[in-house]
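Worksheet: the structure to be examined is printed underneath.
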Amino acid sequence: MAQSPNTQNEASHQPYPWIAHYDEGVPATVEIPDKPLYTLLTDAAKAVGDRPALIFYGKKISYAQLDDLSSRFARSLKKIGITKGDRVAICLPNTPQYPIAFFGALKAGAVVVSTNPLYTVSEMRHQLTDSGAKAIITLDILFPVVKEARNTTSIEKVIITAVKEYLPFPLSALYPIKQAQEQRGKPVVSMKEMKQDSQIVFLQDLLNTGGASVNGNEDEFADPAFSPNELAVLQYTGGTTGVAKGAMLTQRNLMANTLMCAAWIRFPRYSVHSTLAVAPFFHVYGLTVGLLTSMWGGSSCVLLPRFVPKDVVSAIERYRTDVFPGIPTMYIAISRYIEKRGKGDISSVRVCLSGAAPLLHEVQERFERLSGARVAEGYGLTETSPVTHANPLFGDRRIGTIGVPYPSTAAKVIDPVTGDDMPLGEAGELAIFGPQVMKGYWNRPDETAKVFQNGWLKTGDIATMNSDGYFTIVDRAKDIIIAGGYNIYPREVEETLAKHPAVQECVVVGVPDAYRGETVRAYIVLKDGAHATPDEIIAFCQQDLAKYKVPKQVFFRKELPKSLIGKVLRRELREEAIAEAAKQKQNPS
């Protein structure tokens, strides 16, 4: 297991034994090889080299080709001065360049810094400065932000690539026209200006000069001093302070979670399958469940750089993908798209893992009805690489829970103040122990110490566990609404709202209230053509919720604010409400 400041002997914490009982064929533990993470790719290249590893708008790259391209990138990184332990930032959407750069950086001994392509200049600068990244690879259209952000950072080289480089003809010829239309009015740096920049190198030049393997079939990147506890990825996460911290994910952390995911899905290794990879790789959920698990199994990874329901449905129909790691808002949008048009064949999808946000029962049932797939809600954190729990895909699935711990993973519910174990069924803070738990936060020993207790990672989530070992997330500790002395859990209210026939999406937040301290506000997106009033919504909730839990305020919106991965930005709505209250207090009407 990755070492944390308070880590106990791993053998003293046995994972729960009931996993296999509730999903026959899933092991209680997984054996984690002490191998570099990049061997997921090199092993697949040896076993199924001719099989498509990546499919990008029709262009196919085999495992053998991807292995060669990443090796060329690794050699070139070394030539431009990247040495073991240096940080290399990857600022890319889901295009072929991402896995090329990811595995290439790992082969070169570098640490990958996953960077969101939608970052602002200040966000980008903070991450590059904090990580000490020495190089960054990004798209030509994203370079204006990188150019402005790199000042005062340790960046020595900016590696530029373009989407069109891996598009098939005629898309490669048409893409520049589309790109010019989308970039109209946005900052643009010309090719001439980039070529004059001494810090800039181009990906295709690096690949062309990367050269062939010097050791034949031997692993030329093998490091005799390799340790599975070496860093592989710095994955940044916000946390309660709002200051992004780099979770140190080791080679072993990510290898372990990949094997856990593979064991959960239960497909034999190197059997023929395809994964729809639209959850972004710069998010650890998309990286592990989408890319790395596909590489382990030798599956074909169908890449989509952004989530558009029409494109997702078309890709499923064209490539008959059977694995779809998604998030609730994706399942909502796809269901809505198919129902609105009365067509869309997604019946090839068999396995769906839902993560990154709570999965409401109504959303799960709706997508399963349209696809015939099994949608299993899972749970995890950036700090756990990320998955720790999931409902059995083919066994005893308990709707409304996050399921049971993954193989080789232990979990418990503790008193958030004392750290003592809570009795079964009582709510407390969820704590995790397992080989996927991060090493700590980059350069933040104080923050690291706050989240570890005797080797267990405290998640900050409020949960319960029943006698069968199934866990239920009550809510994020920081999202609990305290109104008139009562604790109100937003998810419970959201589950009720989602049952209303007019509700498409909903989110509940606590907003300041002079009398109750906080009061419950609901933001709702209605289904196309549906109508409802705040009073109707409130009356509907009164049928199933205690009076103090019923929303006192209901606001209708055309859409909810979301992150790039599709997570509803609850904090943004709460901050907006707080600003409104402050304004009204200063200027009462």
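A compact table of results
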{"quantity": "Compactness of the chain as Cα Rg over 2.2 N^0.38 Å, two decimals", "calculated": "0.96"}
{"quantity": "Whichever lysines have a C-alpha closer than 25 Å to that of residue 527, once near sequence neighbours (fewer than 8 apart) are set aside", "calculated": "310, 340, 343, 499, 549, 552, 558, 562, 567"}
{"quantity": "Among 249, 173, 97 the positive-end extreme of the charge dipole of the chain (Cβ point charges)", "calculated": "173"}
{"quantity": "Label-zone membership for the stretch 57-75, site residue 172, 7 angstrom Cα→C-beta point, backbone N under 14 Å", "calculated": "57-61"}
{"quantity": "Projected area averaged over orientations for the stretch 491-550, convex hull of C-alpha atoms, nm²", "calculated": "4.0 nm²"}
{"quantity": "Angstrom value of the Kirkwood radius, inverse mean 1/r, which spans all Cα pairs in the stretch 480-586", "calculated": "14.2 Å"}
{"quantity": "In sequence order, calculated HN-Hα J values of the stretch 429-444 (Karplus, 6.51, -1.76, 1.60; Hz; x Gly/Pro)", "calculated": "7, 6, 10, 10, 9, x, x, 8, 6, 4, 6, x, 8, 4, 6, 9"}
{"quantity": "Cα centroid separation, the stretch 162-179 to the stretch 514-589 (Å)", "calculated": "43 Å"}
{"quantity": "Beta bridges per DSSP with both ends in the chain, % antiparallel, nearest 5", "calculated": "60 percent"}
{"quantity": "Additional length obtainable on full extension of the chain from residue 80 to residue 587, 0.36 nm per residue less Cα span", "calculated": "176.6 nm"}
{"quantity": "Cα gyration tensor shape of the stretch 60-227, rounded if a/c is under 1.5, else prolate or oblate by comparing a/b with b/c", "calculated": "oblate"}
{"quantity": "Reach of residue 195 by Cα under 16 Å, taken over lysines that are not fewer than 8 positions away in the same chain", "calculated": "147, 157"}
{"quantity": "Per-pair calculated FRET efficiency, R0 = 22 Å: residue 154 and residue 209 via Cβ, rounded to 0.05", "calculated": "0.35"}
{"quantity": "10 Å binning of all Cα-Cα separations within the stretch 379-485, expressed as whole percents from 0 upward", "calculated": "14, 46, 31, 8, 0"}
{"quantity": "Separation of the residue 492 and residue 122 label points, Cα + 7 Å toward Cβ, nm", "calculated": "3.7 nm"}
{"quantity": "Overall form of the stretch 317-398 per C-alpha gyration tensor (a/c, 1.5; a/b vs b/c)", "calculated": "prolate"}
{"quantity": "Acute angle (nearest 10 degrees) that the helix 251-265 long axis makes with the longest principal axis of the chain, alpha-carbon atoms", "calculated": "60 degrees"}
{"quantity": "Other-chain or far-sequence residues with amide H under 5 Å of residue 483's (modelled H)", "calculated": "488"}
{"quantity": "Charge context of residue 411, other residues only, Cβ under 14 angstrom, K/R +1, D/E -1", "calculated": "-3"}
{"quantity": "Evaluated over the stretch 43-116, the Cα radius of gyration and Dmax, each in Å", "calculated": "12.6, 36"}
{"quantity": "Crossing angle, helix 171-183 versus the chain [Cα axis fit, 0-90 degrees, rounded to tens]", "calculated": "50 degrees"}
{"quantity": "Efficiency of FRET between residue 218 and residue 308 - r from beta-carbon atoms, R0 51 angstrom, step 0.05", "calculated": "0.75"}
{"quantity": "Helix-only CD estimate at 222 nm, as mean residue ellipticity for the chain, using -39500 (n - 2.57) per DSSP H run (n ≥ 4)", "calculated": "-9000 deg cm²/dmol"}
{"quantity": "Two-site label geometry, residue 199 and residue 339: point separation in nm, points 7 Å out along Cα→Cβ", "calculated": "4.9 nm"}
{"quantity": "Sorted by Cβ neighbour density within 10 Å, fewest at the top, the residues 103, 226, 367", "calculated": "226, 367, 103"}
{"quantity": "Backbone N within the stretch 520-545 under 15 Å of label point (7 Å from residue 502 Cα along the Cβ vector)", "calculated": "522-542"}
{"quantity": "Contour minus Cα-Cα distance for residue 525 and residue 466 (0.36 nm per residue)", "calculated": "17.9 nm"}
{"quantity": "Placed amide H near residue 273: partners under 5 Å, 5+ positions off or other chain", "calculated": "300"}
{"quantity": "Whether the stretch 91-185 is rounded, prolate or oblate, judged on the alpha carbon gyration tensor where a/c under 1.5 counts as rounded", "calculated": "oblate"}
{"quantity": "FRET efficiency for residue 190 and residue 368, using Cβ-Cβ distance with R0 set to 45 Å, rounded to 0.05", "calculated": "0.35"}
{"quantity": "Net lengthening on full extension, residue 415/residue 443 (0.36 nm per residue, minus Cα-Cα)", "calculated": "7.3 nm"}
{"quantity": "Aspartates and glutamates whose Cα lies under 16 Å from that of residue 60, excluding same-chain neighbours fewer than 8 positions away", "calculated": "50, 68, 165"}
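Values quoted throughout were computed directly from the atomic coordinates according to the rules given, and no laboratory measurement underlies them. Here the structure is a predicted model, which means the values were calculated and not measured. We place every Cβ from the backbone using ideal geometry, glycine too, and count neighbours over all the protein chains shown.
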